[in-house]
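Notes follow once the structure below has been shown.
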Amino acid sequence: MDQEIKKMIDEIRKTAFSLHKYLRYGHLEKVYENGLAHRLKKIGYKVQQQFPLQVHDEDGTLLGDYFADLLINDFFIIELKACKTLINDHTAQILGYLRASGMEHGLLINFGSSKLQIKKYILS
């Protein structure tokens, strides 16, 4: 993992922690999505919310659409949750987003518990 990605992940983690410390838990996922997008834009990242991803069959047939919560700098996906704890279905979701997009790196962040949960995923 190159230094640019490591630096970005550290900044996203710090920003998410700061947001969680301020808002605490108990809000809807959309509140955390808007808050994280706002704070990341303020520090200079390109942030796209509800970024559409298409899933295709091996012959190219469109099977469905996903919407990743945040796409950062056109190559990094963040999936947000506001639940008691992360489960295997959440991991499957972020991995599905990475496969569908062809992107390598993503974060799964849960704001819904008293302790912020952040997990990094690399598809390769």
>> Looking at segment 27-64 only, could you name the residues that are on the phi > 0 side of the Ramachandran plot and either modelled with pLDDT of 95 or more or aromatic (F, W, Y) (or both)?
In response: G44, Q50
> Can you find a residue in segment 16-27 that is surrounded by fewer than 16 Cβ atoms within 10 Å (Cβ to Cβ), touching a strand residue (DSSP E or B) at 6+ places or on another chain (Cβ under 9 Å) and without any contact (Cβ under 8 Å) to a residue 24 or more places away in the chain?
Replying inline: no
> Which residue out of I5, I77, I9 is closer than 23 Å to S124 by Cβ, in contact with a Phe, Trp or Tyr (Cβ under 6 Å, 6 or more places away or on another chain) and either in a helix (DSSP H, G or I) or touching a residue at least 12 places away in the same chain (Cβ under 8 Å) (or both)?
Replying inline: I77
>> Every residue in segment 82-106 that is buried (at least 22 other Cβ atoms within 10 Å of the Cβ) and not in a helix (DSSP H, G or I), please.
In response: G106
> A68: hydrophobic (A, V, I, L, M, F, W, C), assigned to a helix (DSSP H, G or I) and either in contact (Cβ under 8 Å) with a residue 12 or more places away in the chain or exposed (fewer than 15 other Cβ atoms within 10 Å of the Cβ) (or both), yes or no?
Replying inline: no
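Let's see how each residue does on (1) of a type in the set (S, T, Y); (2) over 17 Å from I72 (Cα atoms):
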position: K7; (1), (2): no, no
position: K14; (1), (2): no, no
position: K21; (1), (2): no, yes
position: R24; (1), (2): no, yes
position: E29; (1), (2): no, yes
position: A37; (1), (2): no, no
position: L40; (1), (2): no, no
position: Y45; (1), (2): yes, no
>> Exactly one condition in (1) out of contact with any Lys or Arg (no Cβ under 8 Å at 6 or more places or on another chain); (2) modelled with pLDDT under 95; (3) under 23 Å from D10 (Cβ atoms) is false for L123; which is it?
In response: (1)
> Taking Y45, is it outside any strand (DSSP E or B), within 28 Å of Q3 (Cβ to Cβ), touching a residue at least 40 places away in the same chain (Cβ under 8 Å) and not β-branched (V, I, T)?
Replying inline: no
> Counting just the residues of segment 28-65 that are in contact with a Ser or Thr (Cβ under 7 Å, 6 or more places away or on another chain) and either within 22 Å of L98 (Cα to Cα) or of a type in the set (S, T, Y) (or both), which one comes out surrounded by the most Cβ atoms within 10 Å (Cβ to Cβ)?
Replying inline: L36
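The values are calculated or read from the model by the stated rules, or taken from the named source; none is laboratory data. Since this is a predicted model, take the numbers as computed values, not measurements. Note: ideal-geometry Cβ built from the backbone for every residue, glycine included; neighbour counts use all protein chains shown.
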